[in-house]
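The values are calculated or read from the model by the stated rules, or taken from the named source; none is laboratory data. Keep in mind that this is a model prediction, so the values were computed, not measured. Every residue, glycine among them, receives a Cβ derived from its backbone with ideal geometry; neighbour counts consider all protein chains shown. The protein model used for the area step is the full one, side chains on, heavy atoms only, and it has no ligands, DNA or RNA in it. Shrake-Rupley method; radii C 1.70, N 1.55, O 1.52, S 1.80 Å.
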Amino acid sequence: QVQLVESGGGLVQAGGSLRLSCAASGRTFSNYAWFCQAPGKEREFVAVIDWNGINTYYADSVKGRFTISRDNVKNTVYLQMNRLKSEDTAVYYCAAGSSWPRPGDYWGQGTQVTVSS
């Protein structure tokens, strides 16, 4: 059974940092991505990473603040979030699949990130 399980969300003050993790089980994926969905808004792309971790791509709103990485031994992808802003508040979802740059064959359940100003 394929599963993506996110963790690492929480409440943080503006300017702080969080690291999200997404542990995959059941199979290995080519590409992983993070998306976010704020209340009342559509789900938005945040970042994507390819199978060997060399190619990454970020939404303009997070460039220079967020870093996506992966550990293929642990079958886990990470999102390091620095200099967080109140507008980063959202549920963050991990996605995986073969499409680039928007993999979406499988999705996690999401983890809440709340940034207080």
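Limited to the range 50-72, what total is found for residues that are out of contact with any strand residue (DSSP E or B) (no Cβ under 8 Å at 6 or more places or on another chain) and within 16 Å of Val5 (Cα to Cα)?
1
A quick yes/no check of all residues on (1) within 13 Å of Trp34 (Cβ to Cβ); (2) more than 11 Å from the chain's Cα centre (by Cα); (3) touching a residue at least 40 places away in the same chain (Cβ under 8 Å):
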residue	(1), (2), (3)
Tyr58	yes, no, no
Ile68	yes, no, no
Asp71	no, yes, no
Leu79	yes, no, yes
Val91	yes, no, yes
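Working only within the range 81-101, note down all residues that are open to solvent by 60 Å² or more (accessible area, probe 1.4 Å) and either closer than 11 Å to Val46 by Cα or part of a strand (DSSP E or B) (or both).
none
Taking Val115 and the conditions (1) surrounded by 15 or more Cβ atoms within 10 Å (Cβ to Cβ); (2) closer than 16 Å to Val62 by Cβ; (3) under 15 Å from the mean Cα position of the chain (by Cα), which numbered condition does it fall short on, given that it satisfies the others?
Every condition holds for Val115 apart from (3).
What number of residues within the range 102-112 satisfy the criterion of being open to solvent by 30 Å² or more (accessible area, probe 1.4 Å) and over 17 Å from Ile49 (Cβ atoms)? Before the answer, list the steps.
Taking the range 102-112 as the starting set, the residues that turn out to be open to solvent by 30 Å² or more (accessible area, probe 1.4 Å) are 102, 104-107, 109, 112.
Narrowing further to those that are over 17 Å from Ile49 (Cβ atoms): 109, 112.
Adding up the residues that qualify gives 2.
Could you say whether any residue in the range 27-49 is under 19 Å from Gln3 (Cβ atoms), open to solvent by 60 Å² or more (accessible area, probe 1.4 Å), out of contact with any Phe, Trp or Tyr (no Cβ under 7 Å at 6 or more places or on another chain) and hydroxyl-bearing (Ser, Thr, Tyr)?
Within the range 27-49, one or more residues are under 19 Å from Gln3 (Cβ atoms), open to solvent by 60 Å² or more (accessible area, probe 1.4 Å), out of contact with any Phe, Trp or Tyr (no Cβ under 7 Å at 6 or more places or on another chain) and hydroxyl-bearing (Ser, Thr, Tyr).
May I ask you to list the residues in the range 61-80 that are within 18 Å of Gly15 (Cα to Cα), exposed (fewer than 14 other Cβ atoms within 10 Å of the Cβ) and among the charged types (D, E, K, R)?
The one that is within 18 Å of Gly15 (Cα to Cα), exposed (fewer than 14 other Cβ atoms within 10 Å of the Cβ) and among the charged types (D, E, K, R): Lys63.
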